[in-house]
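First up is the structure itself, then whatever we jot down about it.
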Amino acid sequence: MQNVQTKTVRKKSISYSRYGYFFIAPFFITFLIFQLYPIFFTFRTSLTDAVGWEKVLNNSIIGFENFRQLFDPSSLVYSKFWGALGNTVIIWFFNFVPQLGMALILASWFTDSRIHLKAQGFFKVTIFMPNIITAATIGMLFMSLFSFPVAPINTFMQTSGMANMPTEFFRSVAWSRGLISFIQWWMWTGNTMIVMIAGISGINPSLFEAALVDGCTSRQIFWKITLPLIKPILIYNLTTSLVGGLTMFDIPHMMTQGNPNETTNTVARFIYMQGFTGSRNFNMASAASVVLFGIIIIGSLLIRYLLNDREPKQAKGGK
């Protein structure tokens with residue numbers, strides 16, 4: 001009788017665990033089709049002679065010839081690729097350093113129990129707002145503000161006596177790079193700030209309370225408690241910013257098209273120009289993408305190595 005009841009219970013109990021695979025299947029299918037396959041296809045194309053649309057599928061393996069050209073100073077693409085990489089690093093550096101500094105300052109203010117800043121929600125939304133505006137819209141906005149010869153900025157500078165003649169901002173290397181860096185800073189500071197606030201909010205409040213009881217100042221709390229404990233968040237922000245900065249495309253392409261004299265041409269734009277303009281050098285574009293992928297991997301590992309806490313090695317025979 002007991003065996004019959006046990007069998008009945010087993011028949012009635014239904015396992016729903018297998019249905020979880022149906023919910024995660026769309027993600028894996030999308031990842032395989034739109035991310036993993038294109039990565040392998042790019043790697044393969046970088047080893048071929050795929051020049052022009054007719055060669056995309058019917059190509060031949062030529063080995064590392066495309067990579068040789070990227071690293072050969074005598075080749076035509078060498079200076080363009082490494083020049084674009086230098087431009088990208090400069091623009092990324094001058095937008096991320098102030099971005100990280102401003103995000104840390106704002107996050108410490110918003111989470112400091114001594115300040116009690118009013119209308120925090122309004123300030124957070126206002127600072128984060130540029131991040132949700134499309135890059136094309138922001139690019140067009142700044143082009144209209146700084147265009148030549150008639151534009152709001154030029155008009156203001158002339159009427160206020162700051163300049164006698166209208167300035168051609170987009171013909172100046174410093175102005176062009178500075179504007180792109182400023183836009184990137186303005187767009188992404190809010191996002192970095194929100195991530196920092198989330199990291200600081202995850203710290204045990206008893207640590208801050210103990211520091212306040214001991215008479216620590218806000219600066220001491222920030223340097224001795226907050227900053228060391230949000231190091232994983234700093235690593236995350238540095239890594240994601242490195243990836244986003246080295247793949248920067250939309251703002252430079254919209255505003256300057258790489259000018260003046262290709263000083264704002266980024267690696268992503270170099271890849272675009274190789275693959276989708278002129279003779280359609282898909283092989284060279286793929287090779288440059290693979291090199292950029294390798295640079296990002298090395299940079300990410302270097303950031304993780306430099307910022308991760310490493311335990312000191314114990315001397316032999318020590319306790």
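The values are calculated or read from the model by the stated rules, or taken from the named source; none is laboratory data. All values reported here derive from a predicted model rather than from experimental measurement. Neighbour counts run over all protein chains shown; Cβ positions are idealised from the backbone, glycine included. Surface accessibility is based on the protein's heavy atoms, side chains included, excluding ligands, DNA and RNA. Shrake-Rupley method; radii C 1.70, N 1.55, O 1.52, S 1.80 Å.
Cβ separations smaller than 7 Å between residues 6+ apart or across chains give the following pairs from segment 253-280 residues that are surrounded by fewer than 18 Cβ atoms within 10 Å (Cβ to Cβ) to residues that are outside any loop (DSSP other than H, G, I, E, B) and of a type in the set (K, R): P260/R171. Give segment 115-127 a look and list any residue that's open to solvent by less than 50 Å² (accessible area, probe 1.4 Å), hydrophobic (A, V, I, L, M, F, W, C) and without any contact (Cβ under 8 Å) to a residue 60 or more places away in the chain, or say none. Scanning segment 115-127 gives no hits. Being among the charged types (D, E, K, R), under 23 Å from I251 (Cα atoms), without any contact (Cβ under 8 Å) to a residue 40 or more places away in the chain and open to solvent by 50 Å² or more (accessible area, probe 1.4 Å) is a property that does not hold for E209. Examine segment 212-227 for a residue that is in a helix (DSSP H, G or I), touching a helix residue (DSSP H, G or I) at 6+ places or on another chain (Cβ under 7 Å), basic (K, R) and surrounded by fewer than 18 Cβ atoms within 10 Å (Cβ to Cβ), and state whether such a residue exists. Among the residues of segment 212-227, not one is in a helix (DSSP H, G or I), touching a helix residue (DSSP H, G or I) at 6+ places or on another chain (Cβ under 7 Å), basic (K, R) and surrounded by fewer than 18 Cβ atoms within 10 Å (Cβ to Cβ), which makes the answer no.
Residue-by-condition table, conditions (1) outside any helix (DSSP H, G or I); (2) open to solvent by 50 Å² or more (accessible area, probe 1.4 Å); (3) more than 30 Å from Y236 (Cβ to Cβ):
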position: L57; (1), (2), (3): yes, yes, yes
position: G63; (1), (2), (3): yes, no, yes
position: Q69; (1), (2), (3): no, yes, yes
position: G86; (1), (2), (3): no, no, no
position: V89; (1), (2), (3): no, yes, no
position: F96; (1), (2), (3): no, no, no
position: S113; (1), (2), (3): yes, yes, no
position: P130; (1), (2), (3): no, no, no
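A count restricted to segment 154-179 and to residues that are open to solvent by less than 50 Å² (accessible area, probe 1.4 Å) and either of a type outside the set (F, W, Y) or farther than 26 Å from V89 by Cβ (or both) stands at 9.
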